[in-house]
1. Select from the stretch 41-90 the residues that are within 27 Å of A9 (Cβ to Cβ), part of a helix (DSSP H, G or I) and β-branched (V, I, T) and list them in ascending order.
2. Give me the helices (runs of 4 or more DSSP H) completely within the stretch 243-307, filtered to those with at least 2 residues that are at pLDDT below 90 and closer than 30 Å to F4 by Cα, ordered by residue number.
3. What are the residue pairs meeting all of these: first residue in the stretch 93-113, first residue of a type in the set (D, E), second residue in a loop (DSSP other than H, G, I, E, B), Cβ atoms under 6 Å, and 6 or more apart or on different chains?
4. With (1) surrounded by 18 or more Cβ atoms within 10 Å (Cβ to Cβ); (2) modelled with pLDDT of 90 or more as the list, and Q203 as the residue in question, which single condition is left unmet?
5. So if I check each of L260, L311, L255, which one is free of Cβ contacts under 8 Å to residues at least 40 places away in the same chain and out of contact with any Lys or Arg (no Cβ under 8 Å at 6 or more places or on another chain)?
6. Restricting attention to the stretch 11-47, which residues are modelled with pLDDT of 85 or more, of a type in the set (A, V, I, L, M, F, W, C) and over 21 Å from A271 (Cβ atoms)?
7. Kindly provide the set of residues from the stretch 96-118 that are small (G, A, S), within 15 Å of G82 (Cα to Cα) and more than 17 Å from the chain's Cα centre (by Cα), ordered by number.
8. Confirm whether W6 is modelled with pLDDT under 90, farther than 30 Å from G217 by Cβ and crowded, with 16+ Cβ neighbours inside 10 Å.
Amino acid sequence: MTPFRWALAALSFAAAILASLYIVQSSWPDERALISLPWLIHVALLALALAELGARGAKVWLSAAALRIDMSYGTSLRASAGGDFGAAITPARTGAEPARFLIMTEAGMKAAEIMLVIFAELFLEMISLAVVAVVMFLAFRGSGTMILGMVGLVAVYALFVLGSGAIGFALSKRHAVGPAPAWAKYVGLKGGRWLAVQRALAQLSAGIDGMKSLRAGYAGGALLASLAHVALRLAVLPVIVYSLGAQAPLAPLILWPVALTYGGVVAPVPAGGGAIEFAFRATLGGAIPAQIFGAALVWWRFYTFYIFVLLGALAAGGTVLRALRSDAR
């Protein structure tokens, strides 16, 4: 992380916080409005957040076990938390994978093993979202454009994951040996850099061949953990809204957070720079009563984003920063 990137991250976080304050202040009605939550609700939301992080760690750990890769649950948990921290302080979440990669590397895992585990996790996330989309379609058939938007989001995510996997597979089969192709030389991958890429491609090719012995039981467990993680994340906003005694339709409280969470990946600045907050008001301003809208925005954002930044910084902050410096070099 260069001083410029740190400044960009700080400004983006400040913009996100100021956006929340502006939306809270401008959306309050004249009558009494709520911004705080009872402490028991905070306990429940904290338990949801920790359970969600635990489910994501279990997904990574079981994915590795399914691929017959030796990985501890502690490493998978630190990689998940560190990835959250790296993603939060970099534009378009570009720091997530370098952070997780270095955490796993320092745990003694090989590059090909790490790439397979990360791809397996993304693939399971895609399947989980597809399952959630089908369930939501059946449960909220009358939700119209919200359902269509969610299905479209899943399709884009699927294309990204499958496209990344296809490119990696093609490169590992065609360029694991031999001289650097013209396109690689054009982007500066030549000499020692290309040899390093070739070593990784050779390891990836061997790892892909090893997927023939995938253990279905562990893969099924990883999928269940992925579904649990998505379900726990989606439960946060309904818990906040209904715990405050508000009357609100369930469909937008579940469907729009999916779009905001996964669609926020395209935000070009760290933390979204306030875009997530304004999108929250635009999509949910008519569904959540004005008296609790400020509380819903602030605490939904905290328990689905800021708390994971804090946990990631505590669990693996030093490792993540080393990963980002290495990535910059």
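The values are calculated or read from the model by the stated rules, or taken from the named source; none is laboratory data. Remember, predicted model here, so these are calculated numbers, not experimental data. Note that each Cβ is placed from the backbone with ideal geometry, even for glycine, and that neighbours are counted across all protein chains shown.
1. V60, T75
2. Values: elements: 250-263, 275-284, 290-301.
Hits in the stretch 243-307: 250-263, 275-284.
3. Close Cβ pairs satisfying both conditions: E113/I69.
4. (2)
5. Working: L311 fails: free of Cβ contacts under 8 Å to residues at least 40 places away in the same chain; L255 fails: free of Cβ contacts under 8 Å to residues at least 40 places away in the same chain.
After applying the criteria, what remains is L260.
6. If the condition is that a residue be modelled with pLDDT of 85 or more, of a type in the set (A, V, I, L, M, F, W, C) and over 21 Å from A271 (Cβ atoms), then L37, W39, L40, I41, V43, A44, A47 are the ones that fit.
7. So in the stretch 96-118, the residues small (G, A, S) come out as 96, 99, 107-108, 111-112.
Adding the requirement that they be within 15 Å of G82 (Cα to Cα) leaves 96, 99, 107.
Correct list: A107 only.
8. Values: modelled with pLDDT under 90: yes; farther than 30 Å from G217 by Cβ: yes; crowded, with 16+ Cβ neighbours inside 10 Å: no.
No: the conditions fail for W6.
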